Amino acid sequence: MARKTEETKVAGVRITSPDRVLYPGQGVTKRELAEYYVAVKDRVLPHLRGRPLTLVRCPAGQEKECFYQRRAGESTPHTVGRVQVPVDGEMAEYLVADNIRALLSLVQMGVLELHTWGARRDRLDRPDRMIYDLDPDTGLGWDAVVSAAFELRERVAALGLTAFVKTTGGKGLHVVVPLARRHTWDEVHDFSRALSEAMVRDAPDRFLAKASKQAREGKIFIDWLRNAWSASAVAAYSTRSREGAPVSTPVTWDELKAGLHPLDFTVRTVPARLAAQTEDPWAGYEAARGRLTRKMLDGLGA
């Protein structure tokens, strides 16, 4: 029997046990995961740079034991960046991935999910996005989630803001509103809650804005709780620690209307998708940064 390769280098970063299978159902190896991030680096890194990370580490693979990590440890490679974050009156050293070497070092650590804060290291007190996670009850179909996303987009547009959409690598969608860095966490938190609650008031049979399993049946939870200090959401182009090696993938609203299926976006399909694109699905994201106002909040009945 041929001996498996014990280590290799990808983009100059040492990857040990490159033949270890991380997604058994697809046979995706550690080497392949590293090569995936090299292939999508120009798209994923802008969503990671400067943002504190919450990592899901699965060193033995997707079907084995996984755990969360935020803080740098003694064994964390120095190629992974650090940022000082105030926690309970003290400064904690959180992790950031500013370049491909840092990202591949996280792959080496067995990271299968990259979740980011809604703010960057130079202004941790000023979020630059508002994000809604549309999380459906298990009995609801994909069409219901898509319909909810378009309704949320229309409400955001009516306020003079612009919304972008991406798959989550699961059964839901993320609707993301880019913001100018002028608001506090409390302001963004209160605004996102008010918009969610307005949707619930208008359609209580379809939506809820509280994380209640008992009240979830037949409804979509509009999760606005990620718009808070230290909360995080899975990054665009991050893999998920789920069967199928799915990837959280930005899409256009036209693609969403045309009936795409979120589980079509995987480690093996996304690089080819990007290579075939003539334009980023989120083109115009930076230019679309908006501001929240008291008038907008009053209009939501808050």
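The values are calculated or read from the model by the stated rules, or taken from the named source; none is laboratory data. Note that this is a predicted model, so its numbers are computed, not measured. Positions of Cβ are generated from backbone atoms using ideal geometry, with glycine treated the same way; all protein chains shown enter the neighbour counts. The accessibility values were calculated without ligands, DNA or RNA, using every heavy atom of the protein model including side chains. Shrake-Rupley method; radii C 1.70, N 1.55, O 1.52, S 1.80 Å.
Pairs of Cα atoms nearer than 8 Å and 6+ residues apart set the relative contact order; for the range 117-211 it is 30 percent. In summary, the aspartates and glutamates within cross-link reach of K219, defined as a Cα separation below 12 angstrom excluding same-chain residues under 8 places away, comprise D135, D137, D205. Checking the a/c ratio against 1.5 first, then a/b against b/c, what shape does the Cα gyration tensor give for the chain? Prolate, because a/c is 1.5 or more and a/b exceeds b/c.
Per residue of the chain, the DSSP helices (runs of n ≥ 4 H) give a summed -39500 (n - 2.57) that works out to -8000 deg cm²/dmol at 222 nm.
Taking every DSSP beta bridge with both residues inside the range 151-302, roughly what % is antiparallel (nearest 5)?
Approximately 75 percent, going by the DSSP bridge assignments.
Per residue, the average separation of C-alpha pairs within less than 8 Å and at least 6 apart gives the range 53-183 a relative contact order of 21 percent. Solvent-accessible area per residue in the chain equals 46 Å², computed with a 1.4 angstrom probe and all protein chains kept.
Is the range 80-123 best put as rounded, prolate or oblate by its Cα gyration tensor, with a ≥ b ≥ c the root eigenvalues, rounded for a/c under 1.5, and otherwise prolate when a/b is larger than b/c, oblate when not?
Numbers: a/c = 2.14, a/b = 1.86, b/c = 1.15.
Since a/c reaches 1.5 and a/b is larger than b/c, the shape of the range 80-123 is classed as prolate.
Projecting label points 7 angstrom from Cα along Cα→Cβ for E63 and A276 puts them 3.0 nm apart. The calculated P(r) of the range 95-181, using every Cα pair and 5 Å bins from 0, goes 3, 12, 18, 16, 18, 16, 10, 7, 1 in percent.
Of the candidates A272, A148, A233, which one comes out as most mobile in a Gaussian network treatment of the chain with C-alpha springs shorter than 10 Å? Comparing A272, A148, A233 in the GNM, the peak value goes to A272. For K41, the lysines whose Cα comes closer than 23 Å to its Cα, not counting residues fewer than 8 places off in the same chain, are K9, K30, K166.
When only Cα pairs below 8 angstrom with a gap of at least 6 residues are kept, the range 214-302 shows a relative contact order of 19 percent.
Shape analysis of the range 13-114 places it in the prolate category; the axes a ≥ b ≥ c from the Cα gyration tensor give an a/c of at least 1.5, with a/b above b/c.
Under the membrane-span-like helix rule (DSSP H runs whose alpha carbons stretch at least 15 Å along the helix axis, mean Kyte-Doolittle hydropathy -1.0 or higher), the chain yields 142-158, 185-202.
As a fraction of the 1.4 Å probe accessible area of the range 109-231, surface on carbon and sulfur atoms comes out at 46 percent.
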